[in-house]
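**Student:** Take a look at this one; I'll ask things after.
The values are calculated or read from the model by the stated rules, or taken from the named source; none is laboratory data. What you see is a predicted model, and the numbers here were worked out from it, not measured in a lab. No Cβ is skipped: glycine too gets one built from the backbone with ideal geometry, and neighbour counts run over all protein chains shown.
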Amino acid sequence: MYRIRFHGRGGQGMKTASRILGTAFFLEGFEVQDAPRYGAERRGAPIFAYVRADREAINERGIIGRPDLVIVADESLVPIAAAGVMTGITGDTVILINSTVPPDLWQNRLNITGPILTLPMTTEVEDRLEARFIGALCAGAAVRLVDVISLKSLKAAIGRELEPLGPEIVKKNMEKALIAYNSMDGHAGCVKEGGGMKAEEYERPTWIDLPFDEAALSAPVIHGAATSELMKTGLWRTMRPLIDYDQCNRCWWLCSTFCPDGAIRINDEGYPEIDYEHCKGCMICLANCPPHAISAIPEEQAKGRSEGGKKS
Amino acid sequence: MDETRFKRIKDLPSTHILGTGTAMCAGCGGLEAVHEVYDILGEKTVFVNAAGCMTLLSIYPFTPFRGSWLYTAMASAPAGAQGIRDALDILLEKKRIPRDEDMDVVVLTGDGSAYGMGLSATSGAMERNLDFIYLCYDNEGYGNTGQQYSSATPHAARTSTSKGPKGFPGYKKDLFSIWVAHNPLYVATVLGAEPLDLARKIEKAKELKGPRLIIALSPCPTGWDFDPSESVEIGKLAVKTGIWPLKEYIDGKVVHTKVPDRRLPVEEYLKKQGRFAHLFSPKRNDKLIGEIQESVDKYWKGI
Ligand SMILES: Cc1ncc(C[n+]2csc(CCOP(=O)(O)OP(=O)(O)O)c2C)c(N)n1
Ligand code: SF4
Ligand SMILES: [Mg+2]
């Protein structure tokens, strides 16, 4: 059975990728499961989708624990433990990362010996209009890496899944999927089916035993205020807004009022300050700043920079 | 009450009380409206929430609120509000809490609840003259479950359950008028992208006692298919094209609070959103665009 996981951020098309790949497997005569992993979090947050495909009926259920192929659409997710990119990876798992960093460097970084491939789609991630094609890119690459699906089925699957979006978008997705497919030529078929899991191999999760308490203790009541601030939604961001304080004319109400997350506060001098721990990178502030004092840079380049969010 | 604290945009609150770190999408127009409303209502607010995206604001043990929050079934938030109002009234009467610990009871639901499943409970609450505020964030579909169409979905919009070349065949329900027909104390439409208009209306509603109902149009990058940075611009276009009239009902009269001088053509609004892309490509659908324009023109002619 093939077990494949796609990791990305909400809005990057991982659900689409799994739909396309799942349908392509299906058209090829496989039994298929494909599902996005729904949680509370949304657009911009780490999410994943997965596909199981087998010639026989699939009895396995739930999230894929031991993947044969992991495709990462957004490299910034790799170090985020909560994104679970590295979960269950073995020496046989093929990892494909959307990155311009060479594979051997990734092997070093992650301290693993298993096969790592890269496919530079980075420009697509930065340009959010292009981001909608990442799903097709990932699916195209996956099809080549397993190499048991014909191009005809891949195309038919894209047509089926994306038809409501109109012929233009279908065409563009086909092109992108083919580019990714061809770029994996040198690795065709490198992903091998993992064996069936036996009941004995099942690893128990580490349970925490919670004693049965009275309702007053055990009911889910929150007594603290604004505890949501412990959630660092700044990790969702791929682009970072920067304020040029020389240009800011302290009109303050706009960026701070419009920011849906309330992540821009006004300091005592009337300058806005961005809370990067929580800014999700929607760029509403950038789009609405009258003197155009806000710009954006890719989060990758912003690492380690402190200016631009706080008036010094 | 004519005197407003919010004369100029600089009078808007410069600190925000809704906590950061919530699970809403980047660029969520609904969250924008909720945080602006909360700043005006203040911490002494109990939100009674029906299932929808905003349910995910409070996920145990995390909450962005500083007051209280209660979750109810999708159709019954106004009934939940009745229970809380009654409980607060009893506590006040028995002097178990002092007057200044009283709270505003605010129903917070999406359009799926407000325009559909929860309408009967809302009707009952108005009939009983319940002292509460209803805040509906209207993202024109069942956002939380993947944007299926709701009774608030506009004609021709693509949703995950109206994917054909003509989009949604139905028409958006006129909830404002349905609410007004009950003759409650106050009804208003607002928009996060028009924060001054919003602040004045919430300020007014807060001072009144009785049923006060607000609909906030909530541009939804995920469900409407646009880049999150355009949330505010798309909201403003809804006003400038006349698609989303900003108005209020008070003392038995409907008053428009912001009348666009010269309305922009509706397509300025439509073409920015993927959910209407089929109206423009592969072939422009003049008939459908014309129908939408006509219905907007007809509305404004009638006022
Ligand atoms: C009675 C009932 N039916 C269905 C659901 C599943 N459900 C959860 S949220 C949701 C969508 C609600 O739509 P809306 O009120 O517009 O809020 P939004 O998700 O758009 O924020 C649905 C259908 C439910 N919780 N309860
Ligand atoms: S789906 Fe729409 S309404 Fe729901 S959280 Fe996302 S942007 Fe907001
Ligand atoms: Mg909705």
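**Student:** When the residues of the range B:103-115 are filtered to those that are of a type outside the set (A, V, I, L, M, F, W, C), within 13 Å of ligand 1 (Cβ to nearest atom) and in contact with a Phe, Trp or Tyr (Cβ under 9 Å, 6 or more places away or on another chain), which remaining residue is nearest to B:D174 (Cα to Cα)?
**Tutor:** Ranking the candidates gives B:D111 first.
**Student:** Right, another one. Does A:G29 satisfy the condition of being within 14 Å of chain B (Cβ to nearest Cβ), assigned to a loop (DSSP other than H, G, I, E, B) and either over 11 Å from the mean Cα position of the chain (by Cα) or in contact (Cβ under 8 Å) with a residue 60 or more places away in the chain (or both)?
**Tutor:** Criteria not met by A:G29.
**Student:** Of the numbered conditions (1) in a strand (DSSP E or B); (2) under 25 Å from A:V78 (Cα atoms); (3) without any contact (Cβ under 8 Å) to a residue 60 or more places away in the chain, A:L242 fails exactly one; give the number of that condition.
**Tutor:** Only one criterion in (1) in a strand (DSSP E or B); (2) under 25 Å from A:V78 (Cα atoms); (3) without any contact (Cβ under 8 Å) to a residue 60 or more places away in the chain is unmet by A:L242, namely (3).
**Student:** Can you spot a residue in the range B:33-42 that is charged (D, E, K, R), crowded, with 17+ Cβ neighbours inside 10 Å, under 21 Å from B:E203 (Cβ atoms) and in contact with a Cys (Cβ under 9 Å, 6 or more places away or on another chain)?
**Tutor:** Within the range B:33-42 (the criterion being charged (D, E, K, R), crowded, with 17+ Cβ neighbours inside 10 Å, under 21 Å from B:E203 (Cβ atoms) and in contact with a Cys (Cβ under 9 Å, 6 or more places away or on another chain)), the answer is no, since none of the residues qualifies.
**Student:** Among the residues of the range B:70-102 satisfying the criterion of being within 26 Å of B:S218 (Cα to Cα) and outside any helix (DSSP H, G or I), which is nearest to ligand 1 (Cβ to nearest atom)?
**Tutor:** So, considering only residues that are within 26 Å of B:S218 (Cα to Cα) and outside any helix (DSSP H, G or I), the one nearest to ligand 1 (Cβ to nearest atom) is B:M74.
**Student:** Another question, then. Exactly one of these conditions fails for B:I250: (1) within 16 Å of ligand 2 (Cβ to nearest atom); (2) among the aliphatic types (A, V, I, L, M); (3) in contact with a strand residue (DSSP E or B) (Cβ under 6 Å, 6 or more places away or on another chain). Give me its number.
**Tutor:** Among (1) within 16 Å of ligand 2 (Cβ to nearest atom); (2) among the aliphatic types (A, V, I, L, M); (3) in contact with a strand residue (DSSP E or B) (Cβ under 6 Å, 6 or more places away or on another chain), B:I250 violates only (1).
**Student:** Just to be sure, is B:S231 touching a Gly at 6+ places or on another chain (Cβ under 7 Å) and among the hydroxyl-bearing types (S, T, Y)?
**Tutor:** Here the answer is yes, as B:S231 does meet what is asked.
**Student:** Kindly indicate the residue of the range B:135-168 that is away from ligand 3 (no atom under 14 Å from the Cβ) and touching a residue at least 12 places away in the same chain (Cβ under 8 Å) and also nearest to the other protein chains (Cβ to nearest Cβ) among those meeting that condition.
**Tutor:** B:R158
**Student:** Within the range B:43-58, which residues are without any contact (Cβ under 8 Å) to a residue 60 or more places away in the chain and either surrounded by fewer than 23 Cβ atoms within 10 Å (Cβ to Cβ) or touching a strand residue (DSSP E or B) at 6+ places or on another chain (Cβ under 7 Å) (or both)?
**Tutor:** B:E43, B:S58
**Student:** Quick one: count up the residues across the range B:19-51 that are under 11 Å from B:S218 (Cβ atoms), within 12 Å of ligand 3 (Cβ to nearest atom) and touching a helix residue (DSSP H, G or I) at 6+ places or on another chain (Cβ under 6 Å).
**Tutor:** Residues meeting the conditions: 1.
**Student:** Right, something else. Please determine, by comparing only the residues of the range B:233-280 that are more than 13 Å from chain A (Cβ to nearest Cβ) and of a type in the set (G, A, S), which one is surrounded by the fewest Cβ atoms within 10 Å (Cβ to Cβ).
**Tutor:** Filtering the range B:233-280 for residues that are more than 13 Å from chain A (Cβ to nearest Cβ) and of a type in the set (G, A, S), the one surrounded by the fewest Cβ atoms within 10 Å (Cβ to Cβ) comes out as B:G252.
**Student:** Quick test of your reading of the structure: A:P220 fulfils all but one of (1) surrounded by 10 or more Cβ atoms within 10 Å (Cβ to Cβ); (2) facing chain B (nearest Cβ under 8 Å). Name the failing condition by number.
**Tutor:** (1)
**Student:** Restrict the check to the range B:209-219 and report whether at least one residue is outside any strand (DSSP E or B), over 18 Å from the mean Cα position of the chain (by Cα) and free of Cβ contacts under 8 Å to residues at least 40 places away in the same chain.
**Tutor:** No: zero hits.
**Student:** Sticking with this one: I'd like the full set of residues that are buried (at least 21 other Cβ atoms within 10 Å of the Cβ) and of a type in the set (K, R), limited to the range A:14-51.
**Tutor:** Those that are buried (at least 21 other Cβ atoms within 10 Å of the Cβ) and of a type in the set (K, R): A:K15, A:R19, A:R42, A:R43.
**Student:** A:C289: touching a Gly at 6+ places or on another chain (Cβ under 8 Å), surrounded by 20 or more Cβ atoms within 10 Å (Cβ to Cβ) and not assigned by TED's automatic domain parsing to the domain that holds A:R9, yes or no?
**Tutor:** It is false that A:C289 is touching a Gly at 6+ places or on another chain (Cβ under 8 Å), surrounded by 20 or more Cβ atoms within 10 Å (Cβ to Cβ) and not assigned by TED's automatic domain parsing to the domain that holds A:R9.
**Student:** If you don't mind, another one. I'd like the full set of residues that are within 7 Å of chain A (Cβ to nearest Cβ), under 15 Å from B:L57 (Cβ atoms) and aliphatic (A, V, I, L, M), limited to the range B:3-25.
**Tutor:** Result: B:L18, B:A23, B:M24.
**Student:** Considering only residues that are modelled with pLDDT of 95 or more and either in contact with a strand residue (DSSP E or B) (Cβ under 7 Å, 6 or more places away or on another chain) or within 13 Å of chain B (Cβ to nearest Cβ) (or both), which ones fall in the range A:283-295?
**Tutor:** If the condition is that a residue be modelled with pLDDT of 95 or more and either in contact with a strand residue (DSSP E or B) (Cβ under 7 Å, 6 or more places away or on another chain) or within 13 Å of chain B (Cβ to nearest Cβ) (or both), then A:M283, A:I284, A:C285, A:L286, A:A287, A:N288, A:C289, A:A293, A:I294, A:S295 are the ones that fit.
**Student:** Now, a different point. Hey, can you tell me all the residues within the range B:116-128 that are out of contact with any Ser or Thr (no Cβ under 8 Å at 6 or more places or on another chain) and more than 11 Å from ligand 1 (Cβ to nearest atom)?
**Tutor:** Scanning the range B:116-128 gives B:L119, B:S120, B:T122, B:S123, B:G124, B:A125, B:M126, B:E127, B:R128.
**Student:** Restricting attention to helices (runs of 4 or more DSSP H) lying wholly within the range A:123-232, give those where 3 or more residues are touching a helix residue (DSSP H, G or I) at 6+ places or on another chain (Cβ under 9 Å).
**Tutor:** Qualifying helices (runs of 4 or more DSSP H): A:134-146, A:151-162, A:167-183.
**Student:** Can you name every residue in the range B:136-192 that is aliphatic (A, V, I, L, M) and not in a loop (DSSP other than H, G, I, E, B)?
**Tutor:** B:L175, B:I178, B:V180, B:V187, B:A188, B:V190, B:L191
**Student:** For the list (1) in contact with a strand residue (DSSP E or B) (Cβ under 8 Å, 6 or more places away or on another chain); (2) within 16 Å of ligand 1 (Cβ to nearest atom); (3) not in a strand (DSSP E or B), I need the number of the one condition that B:F65 fails.
**Tutor:** For B:F65, the failing item is (2).
**Student:** Being assigned to a loop (DSSP other than H, G, I, E, B), free of Cβ contacts under 8 Å to residues at least 24 places away in the same chain and in contact with a Pro (Cβ under 9 Å, 6 or more places away or on another chain) is the filter here; which residues of the range A:248-281 pass it?
**Tutor:** Result: A:R250, A:W252, A:G262.
**Student:** Out of the residues in the range A:1-26 that are of a type outside the set (G, A, S) and part of a loop (DSSP other than H, G, I, E, B), which is nearest to the other protein chains (Cβ to nearest Cβ)?
**Tutor:** Among them, the one singled out is A:Q12.
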